[in-house]
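Chemist: Handing you a structure now.
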Amino acid sequence: MDSLLKIEAIVKPFKLGEIRKSLFKEEIFSITIYKVKGLEEEENKIEKYRGDEYFPVLKTLYKLEIVVPKTKLQTILMALNNIINIDKNTGGKITVTPISRVYLIVTPSSLAKKNISQLSQSSILF
């Protein structure tokens, strides 16, 4: 069985369309997107305004989570890196984490909807 890896990327909002197209070309059709707030490295400082100290306004960013087999890792990372790191203003962060197991968790309400009496061993996906 192919081992799985989770790729997490923090990107600016205007890069989402390009990333989605690139992942579709690599046959990655499932992606989880979170809207997050954050500071960029050069803005991570305290500013003063009329004697009061404050942090600059947090910028809206997106966190992408993509689960891929180990065999596709290099091609996906190259695709993401080409899009994210075009210039200084579009920079982002990419991390890769190994996944040991994935479970399908079914709640009682979803069991009733599907007319499934109990979970079987096939509920464990990987």
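What follows is calculated from the coordinates using simple rules that are stated; it is not laboratory data. In this text the structure is predicted, and so the values were computed from the model without any measurement. All Cβ positions, glycine included, derive from the backbone under ideal geometry; neighbour counts span all protein chains shown.
Chemist: Once you put a point 7 Å from the Cα of N82 and another 7 Å from the Cα of R20, both along the Cβ direction, what distance in nm separates them?
Modeler: Inter-label distance under the simple model: 2.0 nm.
Chemist: If you don't mind, there's one more thing I want to ask. Give K25/K72; K25/K59; K37/K93; K72/K93; K37/K70 a once-over and call out the pairs whose C-alpha atoms are over 22 Å from each other.
Modeler: K25/K59; K37/K70
Chemist: Testing the spin-label approximation: label points 7 Å from Cα along Cα→Cβ at K6 and T71. State their distance in nm.
Modeler: 2.4
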